[in-house]
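Q: This is the structure I have questions about; it appears just below.
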Amino acid sequence: MQPITAVRGFKDILPEETGKWQFIERQVREVFAAFGFREIRIPILEKTDLFKRGIGETTDIVEKEMYTFLDRGEEYLTLRPEATASVIRAYLEHSLYAADPVARLYTIGPMFRRERPQKGRFRQFHQIDVELLGLDDPRTDAEVMLMLIHFLKCVGLSEPALEINTLGCFDCRPAFRKAITGFLKGKEDQLCDDCRRRIHTNPLRVFDCKNERCAEVIHEAPRLIEYICDNCRDHFEQVQSSLNLFNLSFVINPLMVRGLDYYTKTAFEVTTQSLGAQNAIAGGGRYDGLVRDLGGPDIPGIGFAVGFERLVALLPADAASFHQNPELFIAALGPDAQKYAFPLCNRLRMKGIYTEMDYLGKSLKSQMKRADKLRCRHALIVGDRELSMGRLELRNMETGAQETIDLEGIEKIIEAYIKAR
RNA sequence: GUGGGUGUAGCUCAGUUGGUUAGAGUGCCGGGUUGUGGCCCCGGAGGUCGAGGGUUCAAUUCCCUUCACUCACCCCA
């Protein structure tokens, strides 16, 4: 009989790891709240058309990575491969723009892409997703990046490297697209198979190709910055000067393009060296046409996503610092002591004191070993002897100091003792 | 989708040039005298050597197939 295992590329996040996840989530809520962002929770299943229209039919994500199925023969549904399209869908469905012209939203949750798993890449993975809708001021581009970098520093990343670029808008991108398509057609024989196909589907993506020969060709190619309209150029310059206000270091990477079609103007990415090939820990950009493309009013937006697993991987290895140790272990010897310990243990827990005890009737030595292994700060020793004398032994597990305390009013004594530290 | 690497105890890994009861460290359980953890010492439990097939007197070891994991391409968070 085959044991049932998790689905390929889908991971369990074990208790040893969840402390880190909770730590990151706390930082998210704290930092984002100060920038005015509020949480939105959205379904992980959407109608397939949402992603086709939102992300772009010719993107890799939509072409070959989505988990799509026909629901009871009625309609095609897809496990979301990213969050932005869903957030915009909810934003439009509930007319959030009508209540407030500016929406600052974030959401945390699983995304699904059917890629070959490898280091830092899973089929179910989690993103922290941020969307700012209703403003096209270049200061908001800088603000969002500032918040991202600040957040990354708050979770302990020392030097997050920020790269930015501008992708142009609907006015100037067609001209560039025409230029690059013409250029690439002339060099078709020097390009890899994928890039030859991209000439017709999505020529901007050739910039991203890692193939050496393609990179050589692209080196000679016309640059977007040369075709960009005055409006976009001005916007990009203001983004940069706003970033400089915060001494936020960044590098302009004219070759950076994004894998989703909806991006316009500003695009950015945060990378790190220590994640292997999957070096992007966050990415995002402006998408001034997306809301309209999804059937809403002409509302601009900017956002980013952080790869949760990748962030966790960058945290310090000692998960212990994120794990809470018990304050007290009650070592009970014999049936009478057990009868006394069980309610005491749980009453202390209800007071918020993390308390452990033994349920296996083990020897004192064994129980002390367990108290040590669990890294309990104190051990309360309860035996018949103590109960008959009305006095219990309280041992400090770190110093080894042990004192006798009154059984009378024990809860208050322990509470005071523990809080005193 | 395409390549490479790896599958032996819960975990990290040795090992078998084909030969009887397959090892270590760690973790787990117990003990080192009567009721006290960490260090040390002793003992115990735990493995169909990923699965299926082939060669052979004999396969965990050699061959084939398959599956899983993993890294890289690709893509991206």
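The values are calculated or read from the model by the stated rules, or taken from the named source; none is laboratory data. Small disclaimer: the values here were computed from a predicted structure and weren't measured. Heads up, the Cβs are rebuilt from the backbone with ideal geometry, glycines too, and the neighbour counts pull from every protein chain shown. We work out accessible area using only protein heavy atoms, side chains counted, and drop any ligands, DNA or RNA first. Shrake-Rupley method; radii C 1.70, N 1.55, O 1.52, S 1.80 Å.
Q: Considering every residue within the range A:110-119, establish whether at least one is of a type outside the set (S, T, N, Q) and more than 14 Å from RNA strand B (Cβ to nearest atom).
A: As a first pass, look at the range A:110-119 and keep what is of a type outside the set (S, T, N, Q): A:110-117, A:119.
Add one more test, that the residue is more than 14 Å from RNA strand B (Cβ to nearest atom), and what stays is none.
Checked the range A:110-119: no residue is of a type outside the set (S, T, N, Q) and more than 14 Å from RNA strand B (Cβ to nearest atom).
Q: Something else: Among the residues of the range A:180-195, write down those that are at pLDDT 75 or above and within 16 Å of RNA strand B (Cβ to nearest atom).
A: Our first condition is that a residue be at pLDDT 75 or above; within the range A:180-195, this holds for A:180-191.
Within the range A:180-195, A:Ile180, A:Leu184, A:Gln190, A:Leu191 qualify.
Q: When the range A:78-114 is examined, which residues are found to be over 14 Å from A:Arg41 (Cα atoms) and touching a helix residue (DSSP H, G or I) at 6+ places or on another chain (Cβ under 6 Å)?
A: Residues satisfying the conditions are A:Thr78, A:Pro81, A:Ala103, A:Arg113, A:Arg114.
Q: So which of A:Leu407, A:Leu392 is buried (at least 18 other Cβ atoms within 10 Å of the Cβ), more than 46 Å from the chain's Cα centre (by Cα) and either more than 16 Å from A:Cys345 (Cβ to Cβ) or more than 7 Å from RNA strand B (Cβ to nearest atom) (or both)? Spell out the reasoning first.
A: Numbers: A:Leu407 fails: buried (at least 18 other Cβ atoms within 10 Å of the Cβ).
Within the list A:Leu407, A:Leu392, the selection yields A:Leu392.
Q: What residue, of A:Asp358, A:Asp298, A:Asp288, A:Asp336, is modelled with pLDDT under 95, more than 16 Å from RNA strand B (Cβ to nearest atom) and over 23 Å from the mean Cα position of the chain (by Cα)? Give the derivation first.
A: On the way: A:Asp358 fails: more than 16 Å from RNA strand B (Cβ to nearest atom); A:Asp298 fails: modelled with pLDDT under 95; A:Asp336 fails: more than 16 Å from RNA strand B (Cβ to nearest atom).
After ruling out the rest, the residue left standing is A:Asp288.
Q: Still on this structure, please answer the following. Would you check if there is a residue in the range A:4-14 being over 19 Å from the mean Cα position of the chain (by Cα), closer than 27 Å to A:His323 by Cα and of a type in the set (A, V, I, L, M)?
A: yes
Q: Please give the number of the condition A:Gln190 fails out of (1) within 29 Å of A:Ile281 (Cα to Cα); (2) open to solvent by 50 Å² or more (accessible area, probe 1.4 Å); (3) polar (S, T, N, Q).
A: (1)
Q: Do we find that A:Val270 is within 13 Å of RNA strand B (Cβ to nearest atom) and either open to solvent by less than 20 Å² (accessible area, probe 1.4 Å) or more than 23 Å from A:Ala103 (Cβ to Cβ) (or both) in this structure?
A: yes
Q: I'm checking my understanding of the structure. Among residues of the range A:171-180 that are within 36 Å of the chain's Cα centre (by Cα) and not hydrophobic (A, V, I, L, M, F, W, C), which one is least open to solvent (accessible area, probe 1.4 Å)?
A: A:Arg173
Q: All but one of (1) open to solvent by less than 40 Å² (accessible area, probe 1.4 Å); (2) within 30 Å of A:Pro316 (Cβ to Cβ); (3) hydrophobic (A, V, I, L, M, F, W, C); (4) more than 18 Å from the chain's Cα centre (by Cα) hold for A:Met111; state the number of the condition that does not hold.
A: Just one mismatch for A:Met111, condition (4).
Q: Quick one: how many residues across the range A:36-62 are part of a helix (DSSP H, G or I), over 23 Å from A:His126 (Cβ atoms) and either out of contact with any helix residue (DSSP H, G or I) (no Cβ under 8 Å at 6 or more places or on another chain) or not basic (Lys, Arg) (or both)?
A: Step one: filter the range A:36-62 for residues part of a helix (DSSP H, G or I), giving A:48-55, A:60-62.
Imposing the further condition that a residue be over 23 Å from A:His126 (Cβ atoms) reduces the set to A:49, A:52-53.
Cutting the leftovers down to either out of contact with any helix residue (DSSP H, G or I) (no Cβ under 8 Å at 6 or more places or on another chain) or not basic (Lys, Arg) (or both) gives us A:49.
Result for the range A:36-62: 1.
Q: Another question, then. Just the residues that are assigned to a helix (DSSP H, G or I) and in contact with an Asp or Glu (Cβ under 8 Å, 6 or more places away or on another chain), please, taken from the range A:184-217.
A: A:Gln190, A:Arg196, A:Ile199
Q: Quick test for you: out of A:Phe308, A:Phe322, pick the one residue that is more than 18 Å from A:Leu105 (Cβ to Cβ) and of a type in the set (Phe, Trp, Tyr).
A: A:Phe322
Q: Here's another thing I want to ask about it. In the set A:Leu70, A:Leu45, A:Leu105, which member is more than 12 Å from RNA strand B (Cβ to nearest atom), at pLDDT 95 or above and surrounded by fewer than 17 Cβ atoms within 10 Å (Cβ to Cβ)?
A: Values: A:Leu70 fails: at pLDDT 95 or above; A:Leu105 fails: surrounded by fewer than 17 Cβ atoms within 10 Å (Cβ to Cβ).
Within the list A:Leu70, A:Leu45, A:Leu105, the selection yields A:Leu45.
Table: residues versus (1) part of a strand (DSSP E or B); (2) open to solvent by 40 Å² or more (accessible area, probe 1.4 Å).
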| residue | (1), (2) |
| --- | --- |
| A:Asn346 | no, yes |
| A:Ile353 | no, no |
| A:Leu360 | no, yes |
| A:Gln367 | no, no |
| A:Ala371 | no, no |
| A:Leu380 | yes, no |
